Amino acid sequence: MKTNQLSVLKQKLMALLSRLEEESALRIESLQEVLHPAGELTSVPTHAADRDVEGIDSQLAVGRLEDELRERVTAALKRMDEGTYGQCQRCGKTIPQNRLLALPDAPYCIQCEREIEQGK
């Protein structure tokens, strides 16, 4: 992969990582406000049935997905530093550039990704 292409992909990954970190901080702040609303006289939360538990659960689920994506992006940046970026982590073949442009954190070629999804 050419240096300028690698640089563009690295910039995309860094921007994505920065955005994920900002959104994570906002989500944590939002959850704290839900769990401990302003004006509450105690730090003990009210009964869970009195809270928007479903909303909290969905925020936590989104947070887990963002954590997984953050790990993938960090791993992709590490592969760039190690010189293995763009190689499938399973079979070792080159990941097509179009795939990396669409999914810069992709650790696998399309064939290996399909096999993993099918449990092979």
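Looking only at region 11-46, how many residues end up being at pLDDT below 70 and of a type in the set (Lys, Arg)?
Number satisfying all stated conditions: 0.
Filter region 92-120 down to the residues that are under 17 Å from Lys10 (Cβ atoms), in contact (Cβ under 8 Å) with a residue 12 or more places away in the chain and outside any loop (DSSP other than H, G, I, E, B) and list them by number.
The answer is Gln97, Leu100, Leu101.
Among the residues of region 60-116, how many are of a type in the set (A, V, I, L, M), within 24 Å of Leu26 (Cα to Cα) and at pLDDT below 95?
Count: 5.
Can you pull out every residue in region 47-59 that is modelled with pLDDT of 60 or more and surrounded by 12 or more Cβ atoms within 10 Å (Cβ to Cβ)?
Gly55, Ile56, Gln59
Could you grab me the full set of residues in region 71-91 that are under 17 Å from Leu101 (Cα atoms) and part of a helix (DSSP H, G or I)?
Arg72, Val73, Thr74, Ala75, Ala76, Leu77, Arg79, Met80
The values are calculated or read from the model by the stated rules, or taken from the named source; none is laboratory data. Because the structure is predicted, anything quoted here is derived from the model rather than measured. Reconstructed Cβ throughout: ideal geometry from the backbone, glycine too, with neighbour counts over all protein chains shown.
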